[in-house]
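The values are calculated or read from the model by the stated rules, or taken from the named source; none is laboratory data. From a predicted model like this one, the values you see are computed outputs, not experimental measurements. In this analysis, Cβ positions are derived from the backbone assuming ideal geometry, glycine residues included, and neighbour counts consider all displayed protein chains. What goes into the accessible areas is simple: the full protein's heavy atoms, side chains included, and nothing from ligands, DNA or RNA. Shrake-Rupley method; radii C 1.70, N 1.55, O 1.52, S 1.80 Å.
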Amino acid sequence: LTVGGGVRKLADAQALLEAGADKVAVNTAAEIRPELLGELADAFGSQCTVLALDAPRAGQGWKTVVRSGRDRLELDAVEWARTAVEAGAGEAVLEGEPTVRSSPQVHEVLVVAADVALGQIVALGELP
């Protein structure tokens, strides 16, 4: 069971794990403070540290969004995923277009999976 939302510090993750989660997913807090991924990986292992990657299509690529899609940080999604892996993320959850909550496109999953060495890529929703 992977749980995310509101994880801003190590204590937040610890509380979720103690409540029964197997893994902790982070998005907004990690983009604001990437070292959080390393802190989580050091404390609980990279297999427990999941990057929640919300990245709608933007031109020829994908740009990250945070706060449930309300704010764009304009980070290139593939570059951010690389940074997250280096920081300690062992897995990723890819989310689709947040404004319409559509499923991720197959090509988006394949581009990120082929370009970033993550232990697992999980796509939310049904793939077309």
- [ ] List every residue pair whose Cβ atoms lie under 7 Å apart, where the two residues are 6 or more positions apart in sequence or sit on different chains, the first residue falls within the range 31-49 and is farther than 10 Å from Lys9 by Cα and touching a residue at least 24 places away in the same chain (Cβ under 8 Å), and the second residue, located anywhere, is of a type in the set (S, T, N, Q) and surrounded by 19 or more Cβ atoms within 10 Å (Cβ to Cβ).
- [x] Glu31/Thr64; Ala41/Thr49
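Which helices (runs of 4 or more DSSP H) sit wholly inside the range 1-82 and have at least 1 residues that are modelled with pLDDT under 90 and open to solvent by 70 Å² or more (accessible area, probe 1.4 Å)?
28-32
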